[in-house]
C-alpha cells in the first residue's frame, strides 16, 4: 500500500505546531524500552533463581507421556512367564474380564504365543523360554536370551533398546514388550476406558446400550434381592476403580462449600458494609473498626483460614465453608463499602425529605443504588469460589480437591484425574452460565 | 402502600391502581418463592456439609476453641525468634525449636531467615507467573476481540481456549508437573501462569472491545496495517487498564501461589502447612504475621499504583 507522503515544508510546519507529539520528553520515550528491559532482566533472574536448567535436566519427561496417555487410553499388561521350558501367561489388574482371551494374543497348541500390535507386521513370538522373536514392520529379530539376561540382536533397530539385561521392543502407541530372562512383559495400549461404567467382574461388563436396556427391562432378576435396573445403577455407582458415587459426593461437597460460603459471606457483608460506610454510619470508631475487620479477614490468606479450620473441625466441607466465608466477607464487605460511599446522595435526601423513618431511607434511598454492584460481585465470587473450593479442598478441606490430590499422589490413577477434571470443567461451565444468567435477569446487562 | 384506598379515583385510576397492585403481588410472590427455594437449597447444603464432615459442627466447636486456646507459643518472643531464626531458650533438640537450622547463608555470617527466604520464593513465583501469563494473554486478547479480528471462528477458538485455561483446576497442572519435575516452585509457576493467561485474556479482550474505534479508523484511512492500527490506535487507549488489571492480578497471584505452594509447589505455603499440621505454634504465628504483612503491603502498593494510572478500577477480583 503506498504510504501517505507529507511534503517537507508541511512536515516542518506540523513539527513546529505540535512539539508535544514530535518531541516527547526523554523519560516518556524511554519508558517502553525500559519496561521491556526490566521484564527481560527479571525473567533472567528467575531463570537462575528457580534453577530452571537443573530442574529441566532432572525432569522425567517420559512420565508425562505415560500419564497423559492414561487420560484417554488403558493398558493391558500380561506377563509371559518362563517356567521349566514352558511359557505361561499371567494377568495383572486386567480390564478384560475374568478369563481374558483377547484376539491379539494367539495361543498355539504347542504352548507358544504370538502377541500382535496394531498390524499384522508388528508382533512378538514367544516360542519357548529361550526363543523370542520380535517382528517390526515385517522384519524379524531373534532376541538372544542367556542366564545373564536378554541381549540385543546384532542388527537391532532403533525401536529396540537394552537396559540392565532387559530388551525393550517399542511398538509406538500400541505398546511395548520387555524381554527378560524370566519373562516377557507386554504392555498393550488401547483407546478408551472399558471399565468406566461397570467393573470387569460385573455381569453388565462389556454390554452394549441395547443389551443393557434389555437386561434392565427383563423380569428375570440377576440378583434376587433387587430389580435389574436397580442393580445396574448400584453396579455403576459402586464401580471399584472409578468410584462414581464417591466422586459425585465429593463434587457435591465442593459445590456446597462454594455456595454456602459465598451466601453466608454475602448475608453478613451487606449489613456490615452499612456499618462501615462513612456516609451512612455517623460513628467514626464503628466505621473504622469494621473497615479494619474487613481488611483483616481479607488479608489473612484463604489458605491460612482453611488450614486453621481444618485443624479445628477436622477434614470436610465445614472448614472449606468457613475459609471461604471469612475471606469473602472481607472482600465483599470492602467492595460494598466502597460502593456505598460512592452513592448519589440525592435519592437518599429525596426519601428523607418526605419524612421516611431511617430504615425506609436506607431501603429506598440507598439499597437500590448498591444492589446491582453487590449482586454482581456476589455472583462473581460464587463462580470463582467453585474453583477456589477445589484448591483449598486439596489442603484438607475435603471435596473433589482432596480426592484429586490423592489420585495424583498414587501416580497410577491419572485416568481418574482426567475424569474428575472433566467433571470440574462441566460444573464450572454450568455455574458460569447460571451466574451470568442470574446477573442479567436481576440487574440487566452490565459491563464487567 | 397497600393502605391506600381506591376512594376518590376515577374508573381509569381504579383500574390502573388494581393493575399496579396485581403486579406488586406477583412480584412479592416471586420474591418469596425464590427466597424459599434458596433456603431449601441452603438447608440441604448445610445438612449435607455437616454430615460429610469428619465431625459434626457442634460436636467439633468446643475442640476448635480448645485448639485455639492451646495453640500458643511458650512466650510471645518465641514468634520473633522463629521469624528471624534466633536460637530458642526452650530448645530441646526437637523440630519445634530448631529455628536456626533453616537459615539461608548468603555470604559470611549474613543469612536470610528461612521464612523470609520462602516468602521471597512465593513472591517471585507470583511475579514471574503474572509476567508470563501477561506475555501470553496480551497477544491472545487482540485476537479474541470482536473489533480487531474479523474471523469469527478464530475468535471463537481463542475464547474457548481462554475459558478452558481459566477453568482448568490449578492443582492438576501443579500435581502433574510435580510428578514430572519433582517438588518445587516451577510447578506452581506454570499452574498459576496458565490460570493467569485465561483470566487476564478475558479481561483484556473486554477492555479492547470497549475501546474507541475512531483512532483506528483514522489510521486505516491513512493506510496503516493491522499492527500499526493496534500499536497506535488501540494500545494507547487500553494500556492503562491493562496495567491496572495486571497489578490486580499480581495481588491475586500472591495469594494463589501460597495456596499452590501448600499442595506441593514449595514456598511459604508448604512451610505453613507443615508447621500448623505439626502444632508448632511459634513457627505458625511467625509465618502468619509475615504473610499478612506481605499481602497488606502488596495490596497497598498495587492500589497506589492503580490509583495513579486510572484513578482506580473497581472490581475484577479473582
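Angle, helix B:268-277 long axis vs. longest principal axis of chain B, Cα atoms, 0 to 90°, nearest 10?
So the helix axis and the longest Cα principal axis differ by about 70 degrees.
Looking only at B:277, B:93, B:261, which one moves most when chain B is put into a Gaussian network model with springs between Cα atoms under 10 Å?
Of B:277, B:93, B:261, the most mobile in the Gaussian network model is B:93.
For the stretch B:126-270, what's the relative contact order in percent, using C-alpha pairs closer than 8 Å and at least 6 residues apart? Kindly include the intermediate steps, with their values, before the conclusion.
Details: 191 pairs, mean separation 47.7, N = 145.
Computed over the stretch B:126-270, the figure is 33 percent.
What average number of partner chain Cβ atoms lie no more than 10 Å from the Cβ of the residues making up B:56-62? Walk me through the numbers on the way to the answer.
Values: counts 4, 5, 0, 2, 7, 3, 0.
The per-residue average across the peptide is 3.
Take the alpha carbon atoms of the stretch A:264-338, find their center, do the same for the stretch A:204-220, and report the distance between the two centers in whole angstrom.
Between the Cα centre of the stretch A:264-338 and that of the stretch A:204-220, the gap is 54 Å.
Considering only A:33, A:319, A:129, give the residue with the highest GNM mean-square fluctuation for chain A, with springs between Cα atoms whenever their separation is below 10 Å.
Answer for the Gaussian network model of chain A: A:33.
Calculated FRET efficiency, residue A:369 and residue A:57, Cβ-Cβ r, R0 60 Å, to nearest 0.05? Intermediate results must be reported in sequence, preceding the final value.
Working: r = 59 Å, r/R0 = 0.99.
Computed FRET efficiency for residue A:369 and residue A:57: 0.50.
How far is helix A:244-276 tilted, in degrees, relative to the longest principal axis of the Cα atoms in chain A, given as a value from 0 to 90 rounded to the nearest 10?
10 degrees
Using Cα-Cα distances under 8 Å and only pairs 6 or more residues apart, what relative contact order does the stretch A:355-420 have, in percent?
Values: 29 pairs, mean separation 9.4, N = 66.
Relative contact order of the stretch A:355-420: 14 percent.
Ranked highest first by the average count of other Cβ atoms within 10 Å around their residues, in what order do A:308-318, B:98-108, A:15-25 fall?
Details: A:308-318: 24.1, B:98-108: 13.1, A:15-25: 9.8.
The densest-packed peptide leads the list: A:308-318, B:98-108, A:15-25.
Roughly how tilted is helix A:400-409, in degrees to the nearest 10 and between 0 and 90, from the longest Cα axis of chain A?
Value to nearest ten degrees: 40.
With only alpha-carbon pairs counted, each pair once and no self-pairs, how large is the Kirkwood hydrodynamic radius of the protein assembly as shown in angstroms?
Numbers: mean 1/r = 0.0320 Å⁻¹.
With all distinct Cα pairs of the protein assembly as shown included, I get 31.3 Å.
Compute the relative contact order of chain B as a whole-number percentage, counting only Cα pairs closer than 8 Å that sit 6 or more residues apart in sequence.
Working: 334 pairs, mean separation 60.1, N = 318.
Here the relative contact order equals 19 percent.
How many angstrom lie between the C-alpha centres of the stretch A:396-448 and the stretch A:100-177?
44 Å
Which percent of the Cα-Cα distances in the stretch A:284-424 go past 21 Å? Walk me through the numbers on the way to the answer.
Details: 5689 of 9870 pairs.
Result for the distance tail: 58 percent.
So between residue A:426 and residue A:13, what do we pick up on full extension, going 0.36 nm a residue minus the alpha carbon distance?
Working: separation 413, 0.36 × 413 = 148.68 nm, distance 6.20 nm.
Gain on stretching residue A:426 to residue A:13: 142.5 nm.
Averaged over A:316-327, how many beta carbons belonging to a partner chain fall within 10 Å of each residue's beta carbon? Kindly include the intermediate steps, with their values, before the conclusion.
Values: counts 10, 9, 12, 4, 2, 6, 2, 0, 0, 0, 0, 1.
Other-chain Cβ atoms within 10 Å of each residue's Cβ, averaged: 4.
Semi-axes of the equivalent ellipsoid of the stretch A:8-49: what are they in whole Å, largest first, if each equals the square root of 5 times a C-alpha gyration tensor eigenvalue?
Values: eigenvalues 291, 15, 4 Å².
Result for the stretch A:8-49: semi-axes of 38, 9, 4 Å.
What does the extension gain come out to for residue B:75 and residue B:51, with contour length at 0.36 nm per residue minus their alpha carbon separation? Let's see the in-between values first.
Numbers: separation 24, 0.36 × 24 = 8.64 nm, distance 3.86 nm.
Once the chain is fully extended between residue B:75 and residue B:51, it gains 4.8 nm.
So for the stretch B:170-230, what percent of the C-alpha to C-alpha distances run longer than 15 Å?
Details: 1179 of 1830 pairs.
Tail of P(r) above 15 Å: 64 percent of Cα pairs.
Sticking with the crude label model, points 7 Å out along Cα→Cβ, report the distance from residue A:69 to residue A:360 in nm, one decimal please.
With each label placed 7 Å out from Cα toward Cβ, I get 7.6 nm.
Quote the FRET efficiency, to the nearest 0.05, computed for residue A:196 versus residue B:152 with a Förster distance R0 of 30 Å and r equal to the Cβ-Cβ distance. Intermediate results must be reported in sequence, preceding the final value.
Details: r = 35 Å, r/R0 = 1.18.
Step by step, r from the Cβ atoms, then E = 0.25.
Residue B:38 to residue A:289: FRET efficiency via 1/(1 + (r/R0)^6), r the Cβ-Cβ distance, R0 25 Å, to the nearest 0.05? Working shown, then result.
Values: r = 31 Å, r/R0 = 1.22.
Efficiency, rounded to the nearest 0.05: 0.25.
If you stretched the chain out fully between residue A:296 and residue A:181, how much longer would it get, using 0.36 nm times the residue separation minus the C-alpha to C-alpha distance? Intermediate results must be reported in sequence, preceding the final value.
Details: separation 115, 0.36 × 115 = 41.40 nm, distance 6.62 nm.
Working it through step by step, the gained length comes to 34.8 nm.
Once you put a point 7 Å from the Cα of residue B:58 and another 7 Å from the Cα of residue A:26, both along the Cβ direction, what distance in nm separates them?
Each label point is offset 7 Å from its Cα along the Cβ direction, giving 7.5 nm.
Taking 7 Å along the Cα-to-C-beta vector as the label spot, tell me the residue A:79-residue A:238 distance in nanometres, rounded to one decimal.
Taking the two extended label points, one gets 3.1 nm.
Please average, across the residues of B:256-268, the number of beta carbons from any other chain that are within 10 Å of each residue's own beta carbon, and give a whole number.
So the per-residue partner count for this stretch is 4.
Would you calculate a helix-derived [θ] at 222 nm for the protein assembly as shown, using -39,500 (n - 2.57) for each DSSP H run of n ≥ 4 and dividing by the full residue count, to the nearest 500? Before the final figure, lay out each step's value.
Numbers: 27 runs with 462 residues, N = 766.
For the protein assembly as shown, the value works out to -20000 deg cm²/dmol.
Please identify, among A:261, A:401, A:164, the residue showing maximal mean-square fluctuation in a Gaussian network model of chain A using a 10 angstrom Cα cutoff.
The residue that fluctuates most here is A:164.
Write down, largest first, the equivalent ellipsoid semi-axes of the stretch B:85-188 in whole Å, where each equals the square root of 5 times an eigenvalue of the alpha-carbon gyration tensor. Walk me through the numbers before you get to the answer.
Working: eigenvalues 411, 50, 19 Å².
Over the Cα atoms of the stretch B:85-188, the semi-axes work out to 45, 16, 10 Å.
Quote the Stokes-Einstein diffusion coefficient, in whole µm² s⁻¹, for chain B, based on the Kirkwood radius over alpha carbon pairs, a temperature of 20 °C and a viscosity of 1.002 mPa s.
Working: Rh = 24.6 Å.
Rounded, D is 87 µm²/s.
Do me a favour and compute the ellipsoid semi-axes for chain A from its Cα gyration tensor, root of five times each eigenvalue, largest one first, whole Å.
Numbers: eigenvalues 770, 280, 93 Å².
After diagonalising the Cα gyration tensor, the semi-axes are 62, 37, 22 Å.
Coordinate-derived values only; no laboratory data. Values in this document were obtained by computation on a predicted structure and should not be read as measured data. Neighbour counts run over all protein chains shown; Cβ positions are idealised from the backbone, glycine included.
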